[in-house]
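Q: Below is a structure I'd like to ask you about.
The values are calculated or read from the model by the stated rules, or taken from the named source; none is laboratory data. Everything quoted here is computed from the prediction, not taken from an experiment. All Cβ positions, glycine included, derive from the backbone under ideal geometry; neighbour counts span all protein chains shown.
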C-alpha cells in the first residue's frame, strides 16, 4: 500500500484526477459544478472572500476560497521550504557560482513567455483585455517537470539537476510575482507588519531566547522543552497570524505562510527536491514537510477539482496566448539566456551537459499546469477570459510530448 500511495503522490495523480473530473463535470453539468465551486460554507466570519450582502461588505467562506486561499498556503509553504533550503544552507543548490547558469536561464524562462504572450496578444488585437495574464506562462510545474525530465534525460543526467535548480528559482520568482503584481484586494501594507511580527516573535521565543537561557548548560533544558513540549504549535499559531496579515494587507493569502518558513528549525544540509534521504531528517522543518505531504495531495485534488472545470466552449485567444507563451517562450528564453550565461559570460554548463540539452530543458519547463492554473485564477476575475486562460494552462501538459520529441531530435543521451 505504501508503494501504491508513493506512486499516486509522485505522479500527482490526485491533482490530475481532480482536474479530469472537473473538466468532465463542467462540460456535462455546468450549473451543478459552479454551484459546488461557489458553495458558501459560512458568511460573516473574519476570513473569506469579500462580497456584498444586503448592501454591506461581508466575508464569505466558499469552497473555492477555502482551497485556493487557505489550504493552498500549505502547498506554497512546501515550495518555499525548498527555495529557502537551496538559498540559505551552506551546501544549498542555489548558492555560489554553480547556480548562476540555471539562475540566468530562469530569468530567460520567465521573460521569454511574457514577451511571446504580450506580442501575440498585440498582434491579435486583444492586448487590453488580456494584459493582466502576462505572468501565467511564466510558471513551471516543478513536480511534472521533474517527472518528464527523468523520462527524457534519465535519472542521472546532469540536466536533471539543472532543471530542478531552474524550477526552484522559477518558484521563487513566481511567489514574488504573485505577491507584487496580483494583490487580492486593496493593498494595505501596514497589515504586513502583523506577519513580520509573527515571524520575528516565533523566531525569538522558540530559537533565540531558549538558546540564551541555555548558555553554559550542555543539557539545554529550555531548548529541549520547546522542542518536546511545544512541538510545531508555536509555528502553527504564527502561521495563522501571518496568513491573516496577508489577507488583510490585500496580498494573496495563499502566500501567508512564507514569512514563517525561514523561522522553523532546519537541518544544516539539504538533499534536493524529491530526495528520498530527506525522510530520515529529524529537524522540525523536514518533519512538518513530510507531515504535510499526504494532506497536500488531497488539497491538490480539491484545487484541481475547483479550478480546472472549464467548458471547452471557453477556448479562445487567451488559451493560445498562455499555451504559445509556454511552449515557445520558455524554450527560447531558457536556451538564449542559458547560452549567454554558459559562453559569453563563461559560467559554463554542468559537466556532461551540452548546449543541445538547453532547448529540451526549456520544453520540459514549459509544463505550467498547477502554478499556471493558480495564477490564472488570480489574474482574471471569474468568467470567459479566466476560463480560456485556464484551458491554456491545462493544455500545457502536452509539452511533455513535445519534450520527449525534442529529446530525440536533439539526440539527448539518457543517463539511467
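Q: What helices (runs of 4 or more DSSP H) completely inside the range 171-266 contain at least 1 residues that are at pLDDT below 95 and within 24 Å of residue 284 (Cβ to Cβ)? Show your work before the answer.
A: Values: elements: 192-203, 209-213, 221-225, 233-249.
In the range 171-266, the matching helices (runs of 4 or more DSSP H) lie at 209-213, 221-225, 233-249.
Q: Within the range 155-170, can you find the residues that are modelled with pLDDT under 85, part of a helix (DSSP H, G or I) and over 14 Å from residue 371 (Cα atoms)?
A: If the condition is that a residue be modelled with pLDDT under 85, part of a helix (DSSP H, G or I) and over 14 Å from residue 371 (Cα atoms), then 161, 164, 165 are the ones that fit.
Q: Buried (at least 17 other Cβ atoms within 10 Å of the Cβ), modelled with pLDDT under 90 and at negative phi: is that true of residue 318 in this structure? Even if it seems obvious, please write down each step before you answer.
A: Values: buried (at least 17 other Cβ atoms within 10 Å of the Cβ): yes; modelled with pLDDT under 90: no; at negative phi: yes.
No; evaluated as a whole, the condition is false for this residue.
Q: Tell me, yes or no, whether the range 131-144 has at least one residue that is more than 30 Å from residue 245 (Cα to Cα), in a helix (DSSP H, G or I) and either touching a helix residue (DSSP H, G or I) at 6+ places or on another chain (Cβ under 8 Å) or at pLDDT 85 or above (or both).
A: Just the residues of the range 131-144 that are more than 30 Å from residue 245 (Cα to Cα), to begin with: 144.
Checking the rest, the ones that are also in a helix (DSSP H, G or I) come to 144.
So of that shortlist, the ones also either touching a helix residue (DSSP H, G or I) at 6+ places or on another chain (Cβ under 8 Å) or at pLDDT 85 or above (or both) come out as 144.
Yes, there is a match, as at least one residue in the range 131-144 is more than 30 Å from residue 245 (Cα to Cα), in a helix (DSSP H, G or I) and either touching a helix residue (DSSP H, G or I) at 6+ places or on another chain (Cβ under 8 Å) or at pLDDT 85 or above (or both).
Q: Just checking, how many residues over the range 35-69 are in contact with a helix residue (DSSP H, G or I) (Cβ under 7 Å, 6 or more places away or on another chain) and either buried (at least 20 other Cβ atoms within 10 Å of the Cβ) or within 21 Å of residue 375 (Cβ to Cβ) (or both)?
A: The first filter runs over the range 35-69 and keeps only residues in contact with a helix residue (DSSP H, G or I) (Cβ under 7 Å, 6 or more places away or on another chain), leaving 36-39, 41, 47-49, 63-64, 67-69.
Cutting the leftovers down to either buried (at least 20 other Cβ atoms within 10 Å of the Cβ) or within 21 Å of residue 375 (Cβ to Cβ) (or both) gives us 37-38, 48-49, 63-64, 67-69.
Count: 9.
Q: A further question on this structure: Within the range 291-301, which residues are touching a helix residue (DSSP H, G or I) at 6+ places or on another chain (Cβ under 6 Å) and either closer than 23 Å to residue 266 by Cβ or not in a helix (DSSP H, G or I) (or both)? Don't jump to the end; show me each part of the working.
A: Initially, the range 291-301 is screened for residues touching a helix residue (DSSP H, G or I) at 6+ places or on another chain (Cβ under 6 Å), giving 292, 296-297, 299-301.
Selection gives 292, 296, 297, 299.
Q: Still on this model: Is there a residue in the range 89-97 that is surrounded by fewer than 17 Cβ atoms within 10 Å (Cβ to Cβ), touching a helix residue (DSSP H, G or I) at 6+ places or on another chain (Cβ under 9 Å) and touching a residue at least 60 places away in the same chain (Cβ under 8 Å)? Full working, then the answer.
A: So the first thing to find is which residues in the range 89-97 are surrounded by fewer than 17 Cβ atoms within 10 Å (Cβ to Cβ), and the list is 89-91, 95-97.
Remaining after also requiring touching a helix residue (DSSP H, G or I) at 6+ places or on another chain (Cβ under 9 Å): 95.
Now narrow it down to the ones that are touching a residue at least 60 places away in the same chain (Cβ under 8 Å): none.
Looking for residues that are surrounded by fewer than 17 Cβ atoms within 10 Å (Cβ to Cβ), touching a helix residue (DSSP H, G or I) at 6+ places or on another chain (Cβ under 9 Å) and touching a residue at least 60 places away in the same chain (Cβ under 8 Å), one finds none in the range 89-97, hence no.
Q: Collect the residues in the range 387-399 that are in contact with a helix residue (DSSP H, G or I) (Cβ under 6 Å, 6 or more places away or on another chain) and crowded, with 21+ Cβ neighbours inside 10 Å, keeping them in residue-number order.
A: Answer for the range 387-399, where residues must be in contact with a helix residue (DSSP H, G or I) (Cβ under 6 Å, 6 or more places away or on another chain) and crowded, with 21+ Cβ neighbours inside 10 Å: 387, 388, 389, 390, 391, 392, 393, 396, 399.
Quick grid of which residues meet (1) modelled with pLDDT of 95 or more; (2) within 17 Å of the chain's Cα centre (by Cα):
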{"site": "269", "(1), (2)": "no, no"}
{"site": "276", "(1), (2)": "no, no"}
{"site": "286", "(1), (2)": "no, no"}
{"site": "299", "(1), (2)": "no, yes"}
{"site": "304", "(1), (2)": "no, yes"}
{"site": "334", "(1), (2)": "yes, no"}
{"site": "346", "(1), (2)": "no, no"}
{"site": "355", "(1), (2)": "no, no"}
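Q: Out of the range 402-416, which residues are in contact with a helix residue (DSSP H, G or I) (Cβ under 9 Å, 6 or more places away or on another chain) and within 22 Å of residue 143 (Cβ to Cβ)?
A: 402, 403, 404, 405, 406, 407, 412, 414, 415
Q: For the range 402-412, name all the residues that are farther than 11 Å from residue 149 by Cα and either within 22 Å of the chain's Cα centre (by Cα) or in contact (Cβ under 8 Å) with a residue 40 or more places away in the chain (or both).
A: From the range 402-412, those farther than 11 Å from residue 149 by Cα are 402, 405-406, 408-412; that's our starting set.
Within the range 402-412, 402, 406, 410, 411, 412 meet the criteria.
Q: Out of 350, 384, which single residue is more than 26 Å from residue 182 (Cα to Cα), in contact (Cβ under 8 Å) with a residue 24 or more places away in the chain and surrounded by fewer than 21 Cβ atoms within 10 Å (Cβ to Cβ)? So that I can check it myself, show each step before the final result.
A: On the way: 384 fails: more than 26 Å from residue 182 (Cα to Cα).
Residue meeting the stated conditions: 350.
Q: So, in the range 302-330, how many residues would count as being in contact (Cβ under 8 Å) with a residue 40 or more places away in the chain, under 23 Å from residue 127 (Cα atoms) and in a helix (DSSP H, G or I)?
A: Selection size over the range 302-330: 16.
Q: Sticking with this one: Can you go through 232, 162, 153, 246 and tell me which one is farther than 30 Å from residue 360 by Cα, touching a helix residue (DSSP H, G or I) at 6+ places or on another chain (Cβ under 9 Å) and buried (at least 19 other Cβ atoms within 10 Å of the Cβ)?
A: Numbers: 232 fails: buried (at least 19 other Cβ atoms within 10 Å of the Cβ); 162 fails: farther than 30 Å from residue 360 by Cα; 153 fails: farther than 30 Å from residue 360 by Cα.
Exactly one of 232, 162, 153, 246 is farther than 30 Å from residue 360 by Cα, touching a helix residue (DSSP H, G or I) at 6+ places or on another chain (Cβ under 9 Å) and buried (at least 19 other Cβ atoms within 10 Å of the Cβ), namely 246.
Q: Might you let me know whether the range 200-214 holds any residue that is under 22 Å from the mean Cα position of the chain (by Cα) and more than 22 Å from residue 371 (Cβ to Cβ)?
A: First, pick out the residues of the range 200-214 that are under 22 Å from the mean Cα position of the chain (by Cα): none.
Among the residues of the range 200-214, not one is under 22 Å from the mean Cα position of the chain (by Cα) and more than 22 Å from residue 371 (Cβ to Cβ), which makes the answer no.
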